[in-house]
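**Student:** This is the structure, below, for whatever I ask next.
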Amino acid sequence: MTQVTNEKVAFPSVANKTISELISLENRVIVVTGAARGIGQAIVRRLHEAGAAIVAVDRKTEQLEATVAELPESKARIVAVTADVSQSTQAEMVAERAMREFGKLDVWVNDAGLLPIRAAFEVTDEEWQRIIDTNLTGTFYGCRAAGRLMKDQGGGVIINIASSLAFHGVSEQPHYVASKWGVRGLTAALASEWGKYGIRVVAVGPGLTDTPGVEANMTDLNRMQGGDARNATAKFYPAGRMGEPDDIARMVLVLASDLAAFVTGAEILVDGGEVYSSPAG
Ligand SMILES: NC(=O)c1ccc[n+]([C@@H]2O[C@H](COP(=O)([O-])OP(=O)(O)OC[C@H]3O[C@@H](n4cnc5c(N)ncnc54)[C@H](O)[C@@H]3O)[C@@H](O)[C@H]2O)c1
């Protein structure tokens, strides 16, 4: 077997590490946005359990503090920071806070997002802009704030929560679908540009996942599915059920860790088979 020499390699070989060394996030410092509920909350729980120090970010202070207070006792510290990711100055503030609290930044997870349902003709200019500002521009601001620090430090990992809807389209979510195709493209572009700095940039594509954000849309989803959207999804997915937040969090854990040391630029689907399965069965 050819030996990989780690001298001046952007992503050094980890082939000599044990599995427990590869999966561990001990001493890593990780920012997670959208951390107050849903998928972001599940990500915080898993990464904290794996030993990481966490900067948990959300615009909803009370819910965020409740999420942090509910975490099991651990040696790993966690701080809650209220911020709106669609404001570039606030992304920079979060990066500075991570440095002030922990002295470094290893991983940044861009999860914060809005999930609207609106027929294209009904989408106002304001609503279009609000969704793009949060889901796409906010993700770029997070990547840029993280990337600057990671470049100076000699590497890091950025994980963008995109969607299965970055692979196909659906009705009544034109702004959402466009924003998520944008996040997938942004991920590939930054992975190309920043690989030389030792920065991996990856995206995760959840399928329909049971979260408060989806629950808020259930009346519309039921109307669009002509019945119970949860059951319809369960029948349609090879997995036989809708996703739950922890399904997504476990993949984020893998991608944040050295298990994924050779993964960059890709969007990894965590969709119970939604995108690549055939309705014909
Ligand atoms: N649930 C799904 O079916 C699904 C599927 C694919 C992708 N996603 C993506 O996963 C991510 C999380 O979705 P979820 O279902 O957990 O949503 P959710 O609504 O349950 O939680 C989203 C969190 O993000 C926060 N947030 C929203 N805008 C923010 C802003 N500007 N600044 C800071 N925080 C902000 C909210 O306060 C909330 O706590 C989103 O990016 C979403 O697009 C979700």
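**Student:** If I take every Cα pair under 8 Å that is 6 or more residues apart in the range 135-269, average their sequence separation and divide by the length, what percent do I get for the relative contact order? Write out the running numbers ahead of the final one.
**Tutor:** Numbers: 185 pairs, mean separation 40.2, N = 135.
After rounding, I find 30 percent.
**Student:** Can I ask one more? Restricted to Cα positions, what overall size does the range 21-139 have along the principal axes? Three whole-Å values, descending.
**Tutor:** 51, 30, 25
**Student:** Residues of the range 49-68 with the amide nitrogen closer than 11 Å to a label point 7 Å from the Cα of VAL79, along Cα-to-Cβ, please.
**Tutor:** Within reach of a label on VAL79, which here means backbone N under 11 Å from a point 7 Å along Cα→Cβ, the range 49-68 contributes 54-56.
**Student:** To the nearest 20 debye, what is the magnitude of the charge dipole of the range 202-243 about its Cα centre, counting +1 on the Cβ of each Lys and Arg and -1 on the Cβ of each Asp and Glu? Present the calculation step by step, with values, prior to reporting the outcome.
**Tutor:** Details: 4 positive and 4 negative charges, 31 e Å.
So the dipole magnitude of the range 202-243 works out to roughly 140 debye.
**Student:** Where the accessible area of the chain is counted over protein heavy atoms with a 1.4 Å probe, how much of it, in %, is carbon and sulfur? Before the final figure, lay out each step's value.
**Tutor:** Details: 7090 of 13710 Å².
Ligands and nucleic acids excluded, carbon and sulfur reach 52 percent.
**Student:** How large is the dipole of the range 219-281 about the Cα centre if only Lys and Arg carry +1 and Asp and Glu carry -1, each at its Cβ, rounded to the nearest 20 debye? Don't jump to the answer; show the numbers that get you there.
**Tutor:** Details: 5 positive and 9 negative charges, 50 e Å.
Charge dipole, the range 219-281, about its Cα centre: 240 debye, nearest 20.
**Student:** Could you work out the helix-only [θ] at 222 nm for the chain, with each DSSP H run of four or more residues adding -39,500 (n - 2.57) and the total divided by the number of residues, to the nearest 500 deg cm²/dmol? Could you put the intermediate results ahead of the total?
**Tutor:** Numbers: 11 runs with 117 residues, N = 281.
Roughly -12500 deg cm²/dmol at 222 nm, from the helical runs in the chain.
**Student:** Another question, if that's okay. Calculate one ³J(HN,Hα) per residue across the range 92-104 by plugging θ = phi - 60° into the Karplus curve 6.51 cos²θ - 1.76 cosθ + 1.60, and present them in order as whole Hz with x for glycine and proline.
**Tutor:** Values per residue, Gly and Pro as x: 5, 4, 5, 4, 4, 5, 4, 5, 5, 6, 10, x, 6 Hz.
**Student:** Okay, next question. What share of Cα pairs, in percent, lie more than 36 angstrom apart in the chain?
**Tutor:** Counting pairs separated by more than 36 Å, the tail of P(r) holds 14 percent.
**Student:** Per residue, what accessible area does the chain have, given a 1.4 Å probe and all protein chains present, in Å²? Let's see the in-between values first.
**Tutor:** Numbers: 13710 Å² over 281 residues.
So the chain comes to 49 Å² accessible per residue, rounded to a whole number.
**Student:** Next up: Once phi is turned into θ = phi - 60°, what whole-Hz ³J(HN,Hα) does the Karplus curve with 6.51, -1.76 and 1.60 give for every residue of the range 211-219, x standing for Gly and Pro?
**Tutor:** 9, x, x, 6, 4, 5, 9, 4, 4
**Student:** Evaluate the relative contact order of the chain (contact order divided by residue number), counting alpha-carbon pairs under 8 angstrom at least 6 apart; express in whole percent. Working shown, then result.
**Tutor:** On the way: 546 pairs, mean separation 56.5, N = 281.
Reported relative contact order: 20 percent.
**Student:** Determine which aspartates and glutamates satisfy two conditions relative to LYS104: a Cα distance under 19 Å, and not lying fewer than 8 residues away in the same chain.
**Tutor:** Excluding near neighbours in sequence, the set is GLU26, GLU92, GLU96, ASP152, ASP258.
**Student:** Given the Cα-Cα distance of MET224 and GLN153 and 0.36 nm per residue of separation, how much length would full extension add, in nm? Don't skip to the answer; put the middle values down first.
**Tutor:** Details: separation 71, 0.36 × 71 = 25.56 nm, distance 4.78 nm.
Residue separation times 0.36 nm, minus the Cα-Cα distance, leaves 20.8 nm.
**Student:** Need one number: nm distance between label points at ALA120 and LYS196, each 7 Å from Cα along Cα→Cβ, rounded to one decimal.
**Tutor:** Taking the two extended label points, one gets 4.0 nm.
**Student:** To the nearest 10 square angstrom, how much accessible area does THR33 have with a 1.4 angstrom probe?
**Tutor:** Its accessible surface works out to 10 Å², give or take rounding.
**Student:** Still on this model: Report the accessible area of MET218, computed with a 1.4 Å probe over the heavy atoms of all protein chains in place, in Å² rounded to the nearest 10.
**Tutor:** Approximately 20 Å² for this residue.
**Student:** Suppose every K and R has +1 on its Cβ and every D and E has -1 on its Cβ; what is the size of the dipole of the range 24-270 about the Cα centre, in Debye to the nearest 20?
**Tutor:** Working: 25 positive and 30 negative charges, 122 e Å.
In debye, rounded to 20, the range 24-270 gives about 580.
**Student:** Which listed residue (ILE199, TYR141, VAL31) has the Cα farthest towards the positive end of the charge dipole for the chain, taking +1 on Lys and Arg C-beta and -1 on Asp and Glu C-beta about the Cα centre?
**Tutor:** In the chain, that residue is ILE199.
**Student:** Quote to one decimal, in nm, the extra length available between ILE19 and ASP246 on full extension: 0.36 nm per residue of separation minus the C-alpha distance between them. Let's see the in-between values first.
**Tutor:** On the way: separation 227, 0.36 × 227 = 81.72 nm, distance 2.12 nm.
So the chain would gain 79.6 nm between ILE19 and ASP246.
**Student:** Provide the net charge surrounding ALA234, with neighbours chosen by a C-beta distance below 10 Å and charges set as Lys +1, Arg +1, Asp -1, Glu -1.
**Tutor:** Working: positive: ARG230, LYS235, ARG241; negative: ASP228.
My count for the surroundings of ALA234 gives +2.
**Student:** Excluding residues fewer than 8 places away in the same chain, name every one of the aspartates and glutamates whose C-alpha is closer than 20 Å to that of LYS235.
**Tutor:** Within reach: ASP210, GLU215, ASP220, GLU244, ASP247, ASP271, GLU274.
**Student:** So for each of 68-76, 40-48 I average, over its residues, the number of other beta carbons within 10 Å; can you give me the resulting order with the highest mean first? Spell out each step's value before the answer.
**Tutor:** Numbers: 68-76: 11.4, 40-48: 25.7.
The most tightly packed comes first, giving 40-48, 68-76.
The values are calculated or read from the model by the stated rules, or taken from the named source; none is laboratory data. Bear in mind that the values here come from a model prediction, so they are computed numbers and not experimental data. Cβ coordinates were reconstructed from backbone atoms using ideal geometry, including for glycine residues, and neighbour counts include every protein chain displayed. Note: areas computed on protein heavy atoms with side chains; ligands, DNA, RNA excluded. Shrake-Rupley method; radii C 1.70, N 1.55, O 1.52, S 1.80 Å.
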